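Read-outs throughout are calculated quantities, based only on the coordinates presented, and are distinct from any laboratory measurement. Every value quoted in this text rests on a predicted model; they were computed, and no experiment measured them. Cβ placement follows ideal geometry from the backbone for every residue including glycine, while neighbour counts extend to all protein chains displayed.
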Amino acid sequence: MKKLISVFFLILGIGMLYSQEIKFETIEDLESKFIYSLYGASDNDGNTIISYYNKEKIHYHIFDNQGELKQYSNISKLNSTLAGINYTDSTFNFYYEINLFGQTTGFSYVSVNKNNGTIREVKKINLLHGSGYSYVFHFMADNRLFYIASNLETEKLKIKIASGIEEFEEIEFDSVMPRSHWHFVKAKFELVDDKYRRRRLSTSSREKVYYNDGRLIFTFDNYRDMKYQFISITEIVTINLNSHISEYKSFMRDSRVDYEDNNTYLLDSILFRFSIAPNFMDLSIIDFNNLELLNNFTYLKDSVFPLNTDSLIVIKSAIGGERMKIPIKKTQN
Amino acid sequence: LIRKLNRGIPSVKANRLNDTSTVIFLGYYFHQKGTVGGGAGGAPSTYIDNLEVAFYNKVLTSLEFNVSEAFYEYYSEEEILIKELYDRDEKIGDIDFFQHPTGWYVAFVEKDSKSIKIEKLK
């Protein structure tokens with residue numbers, strides 16, 4: 001009973017917190033209306049930072065948890081792209097990419113003190129240190145920066161995780177890719193994260209990364225064989241960052257069918273796999289944990305789809321409320 | 001090769017609709033004339049020619065398809081919000097969304113007043 005009461009008050013507390021609205025002070029008197037690279041971030045206590053480029057500088061404004069402007073500072077403009085923002089107890093940290101011949105070899109860190117606005121800048125840290133590792137991918141998740149590199153000779157993966165300025169954790173794994181390690185290095189990953197800012201949800205990438213509860217999940221759809229033919233297979237590499245265990249598994253719908261292409265999407269523990277073949281399309285619904293086929297739907301080319309009578313499909317936003325209605329026309333097939 | 005390009009690239013995205021249903025978006029990306037290979041998804045050389053929306057009901061384990069013949073942009077949720085804001089006021093410049101302990105907020109530049117405002121998303 002005590003547990004139930006605690007859960008009730010916890011839910012009530014979260015509900016009340018979300019119903020609050022902070023009235024933020026307006027940042028006024030900007031030097032120019034041409035502001036770009038505007039970013040905002042908050043910490044767990046509600047302290048907030050706004051950064052933007054204007055003229056030749058990067059500006060940082062810090063608000064307290066009541067929305068009042070508390071600190072302001074700026075630095076000279078950096079010619080690099082912002083990779084992400086995270087925070088510690090005392091600072092907001094900005095990570096700017098350092099590129100060398102198309103590879104992200106490190107980051108410039110700008111650390112802004114929440115209390116007094118002082119800035120600490122650490123430039124050009126090379127994360128690879130000439131160790132034979134090549135850059136693969138980086139992303140922000142869970143208030144941390146993940147940087148993934150691969151060593152072609154030793155076939156090891158290295159994952160560096162930054163939780164604060166110069167606070168790095170490094171984990172090394174043996175590669176679990178059964179095919180050429182190049183496949184991993186050459187992949188053009190797309191991070192699947194609804195919170196990821198400014199990203200088009202193209203979802204057509206055949207190489208996706210999911211981050212979920214300390215697990216990194218890489219999915220690879222299709223690959224070309226020696227004759228440059230597509231092999232319609234879904235390969236999955238899971239890396240558990242807590243237990244440091246990596247795992248490989250693969251799924252092939254039916255090797256006798258000449259599928260031309262396929263793509264997958266992981267939602268919770270269900271893998272949706274959409275394939276096209278010369279004369280039909282197939283949607284397979286797969287249990288991600290054991291790769292057991294739960295259901296599949298196959299439609300022949302030019303066949304009539306079963307249609308909903310509804311003329312509108314309402315997409316519910318994860319943020320809240322109805323956001324978009326898509327008009328649906330009936331097919332003429 | 002031409003036949004393959006004409007078929008397009010399959011795309012799939014899934015979203016929870018409620019406790020029992022999931023909506024799945026199945027799209028075919030086709031390349032515009034004059035462009036070959038690469039650049040799928042969001043790049044100027046590609047667009048979704050045909051988006052098929054499927055509802056997957058976990059309870060009934062059934063699937064219903066709706067087929068859209070019309071071309072339209074496929075926005076992410078953030079982009080939909082951006083669009084809504086632009087619809088409300090075209091004088092808004094750069095924009096960003098961030099999560100605060102009290103909910104989602106949007107920061108945007110008001111060009112006329114040369115200021116940056118922060119509002120809670122309703």
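Couple of notes before you dig in:
- Highest-first arrangement of A:43-55, A:284-296, A:109-121, where packing means the average Cβ count within 10 Å: A:43-55, A:109-121, A:284-296
- Within-11-Å neighbourhood charge of A:Lys114 [Cβ basis; K, R +1; D, E -1]: -3
- Taking label points 7 Å from Cα along the Cα-to-Cβ direction, A:Leu291 and A:Thr154 give a separation of 2.8 nm.
- Two-site FRET efficiency, A:Phe280 against A:Ile75, from Cβ-Cβ distance with R₀ of 51 Å, rounded to 0.05: 0.35
- Label zone at A:Glu167 (point 7 Å along Cα-to-Cβ), backbone N below 17 Å, segment A:73-89: A:84-89
- Cβ crowding within 10 Å, taken as a proxy for footprinting-reagent exposure, orders A:Arg215, A:Arg144, A:Arg273 from fewest neighbours to most as A:Arg215, A:Arg144, A:Arg273.
- Average beta-carbon neighbours from other chains, 10 Å sphere, peptide A:59-65: 1
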